[in-house]
Amino acid sequence: MKIISILLLHVMLLKRMVHTKCRATKYPFSEVTRFKISDEQVPWTVCVPEYDPPEYNSKVLMNKPWADPPLEDVSFKPKWNELDGKINRKSHTGTYRILNERPLNPQGRTGIKGRGVLGKWGPNHAADPILTRWKMEQDKKVLNTTTNLPILQFCAIQRKDCKQWALPGGMVDPGEKVSETLQREFLEEALNSLDASKEQAEADSKMVRDFFKQGVEVYKGYVDDPRNTDNAWMETVAYNFHDEDGHHVGKFDLKAGDDAQSVQWMDVDKNIDLYASHSNFIKSVADRLKSHW
Ligand SMILES: *[C@@H]1O[C@H](CO)[C@@H](O)[C@H](O)[C@H]1NC(C)=O
């Protein structure tokens, strides 16, 4: 099974604090060193006369259909803070400022200008889907013996390189709640189930499409991502897609893929080792569904 080839792992901090991940000295996939600033100097409202960050725009972005053109391109007329055709240039954080025709990071200075490796100037929108089902044994919900609460399972992917578990997030177009890629994975799952008839496979495909139309918002906002710059940054919405009776996407046994990542249904528990903010997202789902945590 091919699992989410364009995976973007979001290193996030949910806490409302100054961004830190995007202020590590070296910018990812580059030799560019960020201009050093203190925590106090992060907000744009604080005057930092000596602030002179380097500019970095990755060559990778040249002529890519998913990326904006360079700002100098005369044909490029972005509508900041608006839905700009097929591109959502609105921020979940409110109206961002434009200075010298460039969007300004709503969380403040990052020590680097340009858009780095991010495709869009301004906000870059991702979604983190939290797919859940109940852990079942002989048609009964399995309870944790300590808390006596039913155990929830969520869809997790593991990167081969760093072995860390994460949510199967990805970049989204306006109006999408899950990436096309993730949805396609489940559609393939539906079509490939060997014991299913053609009719069953078609019904399952429709079920998958419908399942991803619902979803409850768990978090919406800025992401403290190492790729963020003064002029481009990541934002996400985390949605919970819960399969209460396990007859929808919960019926698919996710098997380890042979490509970049493996994927599985993982028991929800406070001890699971995930990126900090992903744990926070899952905890709020556990609270909402009154499951074991
Ligand atoms: C029950 O929950 C506790 C506390 O989180 C955990 O240490 C333990 O492994 C869980 N037991 C089972 C059977 O899931």
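The values are calculated or read from the model by the stated rules, or taken from the named source; none is laboratory data. Computed from a prediction, not measured in an experiment: that's the story for all the values here. No Cβ is skipped: glycine too gets one built from the backbone with ideal geometry, and neighbour counts run over all protein chains shown.
Go through the range 139-173 and report how many residues are within 16 Å of the ligand (Cβ to nearest atom) and farther than 16 Å from L254 by Cβ.
Residues flagged as within 16 Å of the ligand (Cβ to nearest atom) and farther than 16 Å from L254 by Cβ within the range 139-173 amount to 12.
Does T110 satisfy the criteria of being among the polar types (S, T, N, Q), in a loop (DSSP other than H, G, I, E, B) and over 24 Å from T229 (Cβ atoms)?
Answer is no for this residue.
Could you list, in sequence order, the residues of the range 214-238 that are within 15 Å of T20 (Cα to Cα) and aliphatic (A, V, I, L, M)?
V223, M234
Using the structure shown, decide if K79 is touching an Asp or Glu at 6+ places or on another chain (Cβ under 9 Å) and either β-branched (V, I, T) or modelled with pLDDT of 95 or more (or both).
Spelling it out, it is not the case that K79 is touching an Asp or Glu at 6+ places or on another chain (Cβ under 9 Å) and either β-branched (V, I, T) or modelled with pLDDT of 95 or more (or both).
Would you call K213 without any contact (Cβ under 8 Å) to a residue 60 or more places away in the chain and not hydroxyl-bearing (S, T, Y)?
Yes, satisfied.
Looking only at the range 175-220, count how many residues are within 30 Å of P43 (Cβ to Cβ) and surrounded by fewer than 16 Cβ atoms within 10 Å (Cβ to Cβ).
Within the range 175-220, residues that are within 30 Å of P43 (Cβ to Cβ) and surrounded by fewer than 16 Cβ atoms within 10 Å (Cβ to Cβ) number 2.
Given the criteria among the β-branched types (V, I, T) and loosely packed, with under 11 Cβ neighbours inside 10 Å, does V117 qualify?
no
Going by the structure shown, is S291 assigned to a loop (DSSP other than H, G, I, E, B) and in contact (Cβ under 8 Å) with a residue 24 or more places away in the chain?
Against the criterion (assigned to a loop (DSSP other than H, G, I, E, B) and in contact (Cβ under 8 Å) with a residue 24 or more places away in the chain), S291 qualifies.
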